[in-house]
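Colleague: Pasting in a structure now, in structure tokens, and then I'll have a few things to ask.
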């Protein structure tokens, strides 16, 4: 059964490229949300296997969304990977201290996104050839 991934990002083009990449390269089923609040609701309703979460979003940012996900019994154990354009040392340390499964950087390579996520999550992609 294919993995189910929830992408939470306020940018339409990022959601579309990431979704197409994960569906095509890894064969995963992808759900999307355009805000932290919508993402929390989708995570509760859909129970994805993992979440790819943008750091910088209007309203509820990625770290705040992550902390809200951890408060609910229904979503507390879903692994979360942050997606960010912030590559400075202090930002990376702050993200790592949250307890996320990984941090990936924008811009990402659509051909290797699934492999990067798999490595962060300890998953194997069947038939993947880099």
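No value in this document is a laboratory result; all are computed from the given coordinates. Note that the structure is predicted; figures quoted are calculated from it, not measured. So basically every Cβ, Gly included, is an ideal-geometry build from the backbone, and we count neighbours across all protein chains shown.
Colleague: Would you mind getting me the FRET efficiency between residue 119 and residue 13? Use the beta-carbon distance for r and R0 = 30 Å, nearest 0.05.
Modeller: Efficiency for this residue pair is about 0.75.
Colleague: Given only helices, namely DSSP H runs of n ≥ 4 each adding -39500 (n - 2.57), what is the per-residue ellipticity at 222 nm of the chain, to the nearest 500 deg cm²/dmol?
Modeller: Counting only the DSSP helices, I get -11500 deg cm²/dmol.
Colleague: Of the beta bridges DSSP finds with both residues in region 4-121, what % are antiparallel, to the nearest 5?
Modeller: 0 percent
Colleague: Now, a different point. What are the extents of the Cα atoms of the chain along their three principal axes, in Å, largest first?
Modeller: Taking the Cα atoms of the chain, the three principal extents are 37, 34, 27 Å.
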